[in-house]
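First up is the structure itself, then whatever we jot down about it.
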Amino acid sequence: MNLPPYKTKMVEPIGLVSRAERIKKLKRAGYNLFFLNSEDVYIDLLTDSGTGAMSENQWAAMMRGDESYAGSSSFRNLQNAVKSILGFPYIIPTHQGRGAEQVFNSVFVKNGMVVPGNAHFDTTRAHIENRGGLPIDCTVSEAYRADFSSPFKGNVDLAKLEKTLKKYKSRVAYILLTVTCNSVGGQPESIKNIKAVSRLAKKYKIGLFFDIARFAENAYFIKAREKKYKNQNIRKIVREMMSYADGALMSAKKDAIVNMGGFIALKNKETYSALAPSAILMEGFLHYGGMSGRDMEALAQGLWEGTDEHYLKHRISQVEYLGENLSKIGIPILKPVGGHAVYIDAGKTLPHIPWNKFPGQALAIAAYIEGGVRSVEIGSVMEGRDQKTHENKKARMELLRLAVPRRVYSQEHLDYVISIFEKIFKIKNRIRGVKFTYEAPMLRHFSSRFTPTP
Ligand code: F0G
């Protein structure tokens, strides 16, 4: 049995508005689920980012928030937690992950430079491109075969990475590993692969940085799937992972289980000093960077809780439960199930909808209409247009992501979601594709509007 290591102390009411209402609300939202009011959503699987439930200890820590502009004890508490858990002595707080990305890329990416790594998250990619840089995806090719199950689909193809490093030489800004890799399904990277990437980074004298939004989930998968680490403590695995990096960018809204926050953590003082002026300019003084003292307290405590093995075991099994039961009723999902979300293969579920009519978006719409379930397309809508040709880019997979917030939903909630997809599966041939009525110029999935095609 998958026992939750917590019980509920405070509840938030939710309710299901009628099907007719849902259809009306969706139309008003331009068939973009980001524009729905949250009270019109019953089960919200839009994201696992900032949507987790904080613990009593996090709320208690918030009362200790020191709101001094500079030198606050809350900043030092955060610094100590980052040092103890991740091993990095230098930290620059930011308001969230993309704040860290902006500061970092504004200093390290110049026009014409490249950033190789496993599949970059969309805001990461946008920040690199915004500086005139080019993210280069070196993920192993099996990551793009949805039904092919292997333990570390977030791994880097080392030959491809080395070829890229040789080709671009001094134009490589840095190497970025996203652990776990959200863009290919929340898939982990093995220590063996991380180590090999680190060797290449040293050989070519290039900095290696991690996007650690979901580092604890990655460490859990290492323990579960990489033989050598079977009996190791999660926090020890985390320390080893981080020891190969020069630094890390964190969206604390994920594995640190806070509603807002982020940071850049660094191994050496030179990198810290290079980033500090931009951080002050873009995020705020070095001792708060867009967070209040109480935010930093909750984040410091959340780092301990997010790396607790009992919590992680329950968390990962919950997501697995959702995936396995969807699979059992015939829904094609990306395998194996990722750490934070189940990714449904929408292209395969709705084969009658071509990629440029966006099957992932169509399935997201169906899940809301049939059950008030909110999810997000990860496919050709999110992929956007080619920077040069301005043509729609075809995503390698048309997916629908069901992201599970941390410590929020029970198994009954997940059983409900499974029942909704069972219903959808029966009527799938009636689901129609969509086209744009307004297309946002950048990160278009957030703010575009759609209409169903005939
Ligand atoms: N890196 C990864 C791997 C992410 O998944 C995200 C956000 C970010 C960076 C940016 O962090 O949102 O704090 O600015 N992912 C969210 C999601 C939005 O739904 O997957 P942020």
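Within segment 355-383, the set of residues being of a type in the set (Val, Ile, Thr) and more than 18 Å from the chain's Cα centre (by Cα) comprises Ile365, Ile369, Val373. The set of residues in segment 78-101 being of a type outside the set (Gly, Ala, Ser) and either closer than 27 Å to Lys169 by Cβ or within 15 Å of the ligand (Cβ to nearest atom) (or both) consists of Ile92, Pro93, Thr94, His95, Gln96, Arg98, Glu101. For first residues located in segment 16-42 and of a type in the set (S, T, N, Q), partners that are surrounded by 13 or more Cβ atoms within 10 Å (Cβ to Cβ) and modelled with pLDDT of 95 or more and lie 6+ apart or on another chain with Cβ distances below 7 Å form the pairs Asn32/Ser448; Asn32/Arg449; Asn32/Phe450; Ser38/Asp44. Checked against the criterion of being closer than 28 Å to Met10 by Cα and buried (at least 17 other Cβ atoms within 10 Å of the Cβ), segment 419-428 has at least one qualifying residue.
Quick grid of which residues meet (1) part of a helix (DSSP H, G or I); (2) in contact with a strand residue (DSSP E or B) (Cβ under 6 Å, 6 or more places away or on another chain); (3) not assigned by TED's automatic domain parsing to the domain that holds Gly71:
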{"residue": "Ala245", "(1), (2), (3)": "no, yes, no"}
{"residue": "Asp255", "(1), (2), (3)": "no, no, no"}
{"residue": "Asn259", "(1), (2), (3)": "no, no, no"}
{"residue": "Glu270", "(1), (2), (3)": "yes, no, no"}
{"residue": "Gly284", "(1), (2), (3)": "no, no, no"}
{"residue": "Gly290", "(1), (2), (3)": "no, yes, no"}
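Looking only at segment 225-243, filter to residues that are open to solvent by less than 70 Å² (accessible area, probe 1.4 Å) and under 21 Å from the mean Cα position of the chain (by Cα); which one of those is nearest to Lys313 (Cα to Cα)? Per the stated criteria, the residue is Ile234.
The residues in segment 252-270 that are within 13 Å of the chain's Cα centre (by Cα) and open to solvent by 10 Å² or more (accessible area, probe 1.4 Å) can be counted, and the count is 2. Among the residues of segment 96-114, those that are surrounded by fewer than 22 Cβ atoms within 10 Å (Cβ to Cβ) and not in a helix (DSSP H, G or I) comprise Lys110, Asn111, Gly112, Met113, Val114. Out of all the residues in segment 137-177, which are under 23 Å from Ala213 (Cα atoms) and basic (Lys, Arg)? Scanning segment 137-177 gives a single hit, Lys153. The residue list Tyr416, Tyr409 contains one member that is closer than 26 Å to Pro5 by Cα, in a loop (DSSP other than H, G, I, E, B) and modelled with pLDDT of 95 or more, which is Tyr409.
Of all residues in segment 102-114, those being at negative phi and more than 13 Å from the ligand (Cβ to nearest atom) number 8. Condition check for Phe34 on (1) more than 16 Å from the ligand (Cβ to nearest atom); (2) open to solvent by 40 Å² or more (accessible area, probe 1.4 Å); (3) among the hydrophobic types (A, V, I, L, M, F, W, C); (4) within 25 Å of the chain's Cα centre (by Cα): one failure, at (1).
To keep it simple, each residue is scored yes or no on (1) under 27 Å from Ala364 (Cβ atoms); (2) within 14 Å of the ligand (Cβ to nearest atom).
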{"site": "Thr271", "(1), (2)": "no, no"}
{"site": "Leu299", "(1), (2)": "no, yes"}
{"site": "Glu305", "(1), (2)": "no, no"}
{"site": "Leu312", "(1), (2)": "no, no"}
{"site": "Ser317", "(1), (2)": "yes, no"}
{"site": "Glu324", "(1), (2)": "yes, no"}
{"site": "Leu334", "(1), (2)": "yes, no"}
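Table: residues versus (1) in contact with a Leu (Cβ under 7 Å, 6 or more places away or on another chain); (2) under 25 Å from Asp255 (Cα atoms); (3) among the β-branched types (Val, Ile, Thr).
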position	(1), (2), (3)
Ser38	no, yes, no
Gly52	no, yes, no
Phe75	no, yes, no
Leu78	yes, yes, no
Ser84	no, yes, no
Gly87	no, yes, no
Ile92	yes, yes, yes
Gly99	no, yes, no
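Residue under question is Leu299, and the condition is that it be aliphatic (A, V, I, L, M), modelled with pLDDT of 95 or more, farther than 16 Å from Ala219 by Cβ and not assigned by TED's automatic domain parsing to the domain that holds Ser73; does it hold? Here the answer is no, as Leu299 does not meet what is asked.
The values are calculated or read from the model by the stated rules, or taken from the named source; none is laboratory data. The shown structure was predicted, so the numbers you read here are calculated from the model rather than taken from an experiment. All Cβ positions, glycine included, derive from the backbone under ideal geometry; neighbour counts span all protein chains shown. Calculation scope for accessible area: heavy atoms of the full protein, side chains included, ligands and nucleic acids excluded. Shrake-Rupley method; radii C 1.70, N 1.55, O 1.52, S 1.80 Å.
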